[in-house]
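The values are calculated or read from the model by the stated rules, or taken from the named source; none is laboratory data. The structure presented is a predicted model; accordingly, all values stated were derived computationally and were not measured. Because the Cβ atoms are built from the backbone with ideal geometry, glycine has one as well, and the counts that use them run over all protein chains shown.
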Amino acid sequence: MARYTGPNCKMCRREGCKLYLKGERCTNGKCAFDHRSTAPGQHGAARKKVSEYGKHLREKQKARRIYGVLENQFRSYYEKAVKMQGIAGANLLTILETRLDNAVYRMGMAESRKDARQLVLHAHFTLNGKKVNIPSLLVKPGDVIAVRETSKESEKIKGLAEALNSKVAPKWLERDAQNLTAKVVALPARDDIDFEINEQLIVELYSK
């Protein structure tokens, strides 16, 4: 299955909530979801009774779309989460949060996770001093993410750096705005995830 390349706002309308896939545009009044929040399609505005399976599926799709992960990779993350100590649902969200592209987004060096994924693919960042271009790499406590020296002259990077102080980094990242680096000081906790998602429904869906 190829990665989705259609309109981002259509995914928000399908899930019935903002997924913040377009960064600042989702909060400045220009978001299409604010003007048309019904599901896409000819019968999108019609009221439909959602089955229990439908509720489970929508929650999984919501999480998958927020992080920009394909189905096979999402399922592999779930299988890994089940084998870890602790609650499977919380483990799953922790794994998703520690993806490199998400860490770059959380440190404030990207407008959205999609933007962060593109920046990582273009090798604008280093991980522990080594150039990386794999968005799905999982970071761990002690890892240091930094903007490459050659990338600091990029106009896009300069623009993001100027706005960095206005963005709040999560407590599991220790950010140095001057040097454009961030150190992972802990694994993300459930409280660090700032969007509404019922991970237990995802666990129930895959457990059937």
Here the residues within the stretch 46-79 that are within 24 Å of ARG113 (Cβ to Cβ), out of contact with any Phe, Trp or Tyr (no Cβ under 6 Å at 6 or more places or on another chain) and among the basic types (Lys, Arg) are ARG58, LYS60, LYS62, ARG65, ARG75
Considering ILE134, ILE202, which residue is outside the structural domain of ALA63 (by TED's automatic domain parsing), in contact (Cβ under 8 Å) with a residue 12 or more places away in the chain and in contact with a helix residue (DSSP H, G or I) (Cβ under 9 Å, 6 or more places away or on another chain)? ILE134
Per-region count, the stretch 195-208, residues closer than 16 Å to ARG99 by Cβ and surrounded by fewer than 16 Cβ atoms within 10 Å (Cβ to Cβ): 1
Scan of the stretch 136-161 for residues that are at pLDDT 95 or above, surrounded by 11 or more Cβ atoms within 10 Å (Cβ to Cβ), in a loop (DSSP other than H, G, I, E, B) and among the small types (Gly, Ala, Ser), ordered by number: SER136
Please go through the stretch 108-135 and give me each residue that is assigned to a loop (DSSP other than H, G, I, E, B) and surrounded by 15 or more Cβ atoms within 10 Å (Cβ to Cβ), ordered by number. GLY108, MET109, ALA110, GLU111, SER112, HIS124, PRO135
